[in-house]
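Asks: Pasting a structure here, questions to come.
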Amino acid sequence: MDSDSELNMTVINDDIKKHCHINSNEDGDRFVGVKADSDNIMVYFPIGYQLPETNAEIRMDIHHLIQVLSEFTTKEDRLLALNKFDTPQTVDFPINAYREVIEYYFSIGGKYYTEVDPVYKTSTAGKQDWARTVRNQTPLIQQKNGISSFIFTNFTVRTVTPNDSKQITQINRFCVYEAFKKIGMLSLYAGTTGTPLK
């Protein structure tokens, strides 16, 4: 099993409820948002929030929470505190970037972005490259009423072939892997079908 499949199965089988906390508003338990480190991620909901039954509904609520917090908070509001708010510090965790990477991954069918190389070939149909066609193909010459015209029966056409070894493709694979590793359990989708997690 490759690392992508392993990571995907971990995301699918992870119980999202163990990563959720509903505030009690006691002893500094008032933070609403997402706290993450290299090993774990926790989502903090406000007091009174009712945790849904299914993982798909919880993930949808997490998605909405992240959207609301990113739209309606300023950089000064994004403060986390250690030891019950004794020493506030700013935290730059790119949760929206991770979310965008995961959403893009599923928007293109659960595949990695793959760079392509242009390839030119001779064909009778396709996207013609006229400069190359005129240089490389021999036209038929037709004369009618003393006027000569050229007719090309073959064209030089442009096609593309995927190239998995390009750097941008490798960077995208790394970014998708890291995004799933950090917040994959919170994403709305899993697998390559783009269907919500159950």
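The values are calculated or read from the model by the stated rules, or taken from the named source; none is laboratory data. Here the structure is a predicted model, which is why all the values come from computation and not from measurement. Every residue, glycine among them, receives a Cβ derived from its backbone with ideal geometry; neighbour counts consider all protein chains shown. The accessibility values were calculated without ligands, DNA or RNA, using every heavy atom of the protein model including side chains. Shrake-Rupley method; radii C 1.70, N 1.55, O 1.52, S 1.80 Å.
Asks: If you check SER70 against the conditions, is it modelled with pLDDT under 75, of a type in the set (Gly, Ala, Ser) and surrounded by 12 or more Cβ atoms within 10 Å (Cβ to Cβ)?
Replies: Values: modelled with pLDDT under 75: yes; of a type in the set (Gly, Ala, Ser): yes; surrounded by 12 or more Cβ atoms within 10 Å (Cβ to Cβ): yes.
So SER70 passes the test.
Asks: Oh, and also: Under 6 Å by Cβ, and 6 or more places apart or on different chains, what pairs join a residue from the range 107-119 that is under 9 Å from ASP164 (Cα atoms) with one that is open to solvent by 50 Å² or more (accessible area, probe 1.4 Å) and assigned to a strand (DSSP E or B)?
Replies: These pairs meet every condition: THR114/PRO162; VAL116/VAL160; VAL116/PRO162.
Asks: Would you pick out the residues in the range 139-198 that are closer than 15 Å to GLU115 by Cβ, at pLDDT 85 or above and loosely packed, with under 10 Cβ neighbours inside 10 Å?
Replies: GLN167
Asks: Can SER107 be described as in contact with a helix residue (DSSP H, G or I) (Cβ under 7 Å, 6 or more places away or on another chain) and either modelled with pLDDT under 80 or of a type in the set (Gly, Ala, Ser) (or both)? Even if it seems obvious, please write down each step before you answer.
Replies: Values: in contact with a helix residue (DSSP H, G or I) (Cβ under 7 Å, 6 or more places away or on another chain): no; either modelled with pLDDT under 80 or of a type in the set (Gly, Ala, Ser) (or both): yes.
Against the criterion (in contact with a helix residue (DSSP H, G or I) (Cβ under 7 Å, 6 or more places away or on another chain) and either modelled with pLDDT under 80 or of a type in the set (Gly, Ala, Ser) (or both)), SER107 does not qualify.
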